[in-house]
1. Which whole number in µm²/s is D for chain B by Stokes-Einstein, with the Kirkwood Rh taken over Cα pairs at 20 °C and 1.002 mPa s?
2. Just order B:35-46, A:103-114 by mean Cβ neighbour count inside 10 Å, highest at the front, would you?
3. Percentage of Cα-Cα pair distances in the protein assembly as shown greater than 34 Å, rounded to whole percent?
4. What total accessible area, in Å², is buried where chains A and B meet, using a 1.4 Å probe and rounding to the nearest 100?
5. When the accessible area of each residue in the stretch A:125-147 is compared between its chain alone and the complete protein assembly (1.4 Å probe; ligands, DNA and RNA ignored), which residues differ by at least 50 Å², being lower in the assembly?
6. Note the per residue figure in Å³ for the convex hull of the C-alpha positions in the stretch B:11-60.
7. At a 10 angstrom cut-off on C-beta neighbours, averaged per residue, how do the peptides B:89-99, A:123-133, A:58-68 rank from highest to lowest?
8. Between the label point of A:E46 and that of the same position in each other copy, find the distances and list them shortest first in nm, with every label point placed 7 Å from Cα along the Cα-to-C-beta direction.
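The values are calculated or read from the model by the stated rules, or taken from the named source; none is laboratory data. The shown structure was predicted, so the numbers you read here are calculated from the model rather than taken from an experiment. Cβ placement follows ideal geometry from the backbone for every residue including glycine, while neighbour counts extend to all protein chains displayed. The protein model used for the area step is the full one, side chains on, heavy atoms only, and it has no ligands, DNA or RNA in it. Shrake-Rupley method; radii C 1.70, N 1.55, O 1.52, S 1.80 Å.
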2 protein chains.
Amino acid sequence: MNAIDNEKQAVVRLAERFGRVRDAHQREQAEDYVELIADLIDGHGEARVVDLAGRLGVTNATVNNTIHRLQRDGLVTSKPYRSIFLTEEGRKLAESARERHRIVRAFLVALGVDADSAEADAEGIEHHVSDATLDAFRRYLGHADAREAKPGSFRGARQGGA
Amino acid sequence: MNAIDNEKQAVVRLAERFGRVRDAHQREQAEDYVELIADLIDGHGEARVVDLAGRLGVTNATVNNTIHRLQRDGLVTSKPYRSIFLTEEGRKLAESARERHRIVRAFLVALGVDADSAEADAEGIEHHVSDATLDAFRRYLGHADAREAKPGSFRGARQGGA
DNA sequence: CACATAAGTTAGTGAAGGCTAATTTTTATA
DNA sequence: TATAAAAATTAGCCTTCACTAACTTATGTG
Ligand SMILES: [Mn+2]
Ligand SMILES: [Mn+2]
Ligand SMILES: [Mn+2]
Ligand SMILES: [Mn+2]
């Protein structure tokens with residue numbers, strides 16, 4: 001009886017994993033948008049549809065649709081023909097997405113992946129990294145830092161910003 | 001003029017990255033399906049709609065639709081009410097997806113992530129890993145193997161198959 | 001072999017996330 | 001300040017990937 005029961009358990013766990021990946025994909029769009037919007041606001045003073053469209057590689061019309069969805073979901077506010085703002089919830093999501101993105105990118109670089117590939121892969125991987133994995137990445141970054149800090153220098157150089 | 005040009009270049013590169021992630025998401029469904037189908041064929045002798053549905057956590061109807069799409073795309077063959085087979089192309093895709101999955105999972109475990117989280121995260125991450133990153137994972141696994149291989153033993157134990 | 005149950009299929013629905021084309025509003029400039 | 005250009009919106013279309021409900025086919029059991 002254990003053989004069959006184990007098999008059933010394994011099937012259920014598999015299904016749960018696939019379900020979690022589907023959930024991550026649902027959040028992904030929102031995370032990328034609010035992260036980008038935060039970057040634009042912080043770096044340009046405002047986030048406009050045309051800026052998002054250019055950076056995402058989609059049309060203005062597509063961005064417009066998505067912004068409406070994000071507004072419906074309480075992550076942004078926007079008035080017709082005006083620029084886009086983050087709600088408090090949106091800002092929080094943006095910060096955490098940004099942090100995760102930063103760590104994943106830095107981790108890949110520390111592991112020896114070239115900067116371009118690291119940046120490209122991080123854009124996808126960031127949405128599929130659990131807290132457990134993120135912690136492991138952080139640990140590795142700590143060790144990598146310590147390893148490359150030359151004895152005598154006060155602190156090892158952090159990652160080489162692009 | 002370089003300031004503005006650089007900015008434009010950065011925007012284009014960002015857009016390309018997001019485009020690549022969108023492409024990966026399009027391939028993702030196909031990869032997971034053929035990998036699962038290969039596992040079922042190799043482990044159970046055949047792959048049936050009901051098995052896929054149970055393991056993916058979706059309904060039979062959903063699997064049916066997807067199988068039609070995969071058949072249209074030349075990855076599987078199937079006749080009404082019969083089980084599903086991989087084309088040569090489908091089998092190749094399955095093997096490479098399986099290999100990538102295996103490496104990503106083993107890498108996360110070697111990095112210190114618990115087995116459950118590693119398995120869950122690998123299911124999403126596997127689709128966003130470039131060859132460059134996969135190589136870095138392989139290198140790390142090689143080192144990890146070497147590190148934990150006790151001097152005197154011929155070859156360190158490879159990953160503990162689930 | 002009849003017939004109940006399991007498996008597979010079909011039809012219809014809906015949201016997400018893309019697109020183009022046409023229109024409206026805002027912004028910049030002659 | 002007219003008017004041209006840029007930006008945003010709307011409308012309509014398409015594919016993917018989910019679902020439920022109803023139906024058909026296959027399978028297994030008494
Ligand atoms: Mn990101
Ligand atoms: Mn991303
Ligand atoms: Mn897989
Ligand atoms: Mn997967």
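1. The estimated diffusion coefficient comes to 117 µm²/s.
2. A:103-114, B:35-46
3. Percentage above 34 Å: 34.
4. 3400 Å²
5. A:I125, A:H128, A:T133
6. 73 Å³
7. With the highest mean Cβ count within 10 Å placed first, the list reads A:123-133, B:89-99, A:58-68.
8. Copy-to-copy label distances at A:E46, shortest first: 6.4 nm.
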